[in-house]
Amino acid sequence: NDTDDSNFMPSQLLRDSFIMTLLDFPILVWHLEMDGSGHVRIVVDRDNINLPEYLESQSDVHFQALQASKFSWDALPHGVATTGSVTRAGADGTIKLANIHVVRLQENSGLVLFINTTHAVFDGIGYCTFVNRWAEIAKWMHSGDTTRELPVFQ
């Protein structure tokens, strides 16, 4: 937020664009299940979608402090990583295929997006494609010109 815009990355815009992005990545609302032979499967349950965990919090860390530390992991706000290296169950007890944590930095000086997905869903290219699509949709929504068609996802 280099312009000190008090409306930098509005919460509702981030959430709404995330939900729209899920339309292009429906696998993220499916379920992870282990079959009898120990293999993990991703299954669709149309009657019980598995929404990703989506959290937002406020931090007392300022963007300038992160920048001064050269974005050291130790300088990140405490609790930014809501999962370890393995996707975990959400508050409802279901293993989530994506965990999102939006951390607003002090004085709305910036934000940290923690995005965790299981490797059973995406490899690195798929992960980057998902993040880029979310950014593309957020930018489109933020433009306010939603009469202009959203670029087609390929």
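The values are calculated or read from the model by the stated rules, or taken from the named source; none is laboratory data. Predicted model, so just to flag it, every value in this text is computed and none were measured. Cβ coordinates were reconstructed from backbone atoms using ideal geometry, including for glycine residues, and neighbour counts include every protein chain displayed. For the accessible areas, the whole protein counts, side chains as well, though only heavy atoms, and no ligand, DNA or RNA atoms are used. Shrake-Rupley method; radii C 1.70, N 1.55, O 1.52, S 1.80 Å.
Figures for the structure shown
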| quantity | calculated |
| --- | --- |
| Hits in the range 9-27 (condition: of a type in the set (A, V, I, L, M, F, W, C) and open to solvent by 50 Å² or more (accessible area, probe 1.4 Å)) | Met9, Ile19, Met20, Leu23 |
| Criterion: among the charged types (D, E, K, R) and either over 30 Å from Leu23 (Cα atoms) or under 19 Å from the mean Cα position of the chain (by Cα) (or both) - qualifying residue of Asp60, Asp45 | Asp60 |
| Strands (runs of 3 or more DSSP E) enclosed by the range 37-130 - at least 3 residues per element that are open to solvent by 40 Å² or more (accessible area, probe 1.4 Å) and at pLDDT 90 or above | 53-58 |
| Flag if Thr3 is assigned to a loop (DSSP other than H, G, I, E, B), free of Cβ contacts under 8 Å to residues at least 60 places away in the same chain and open to solvent by less than 40 Å² (accessible area, probe 1.4 Å) | no |
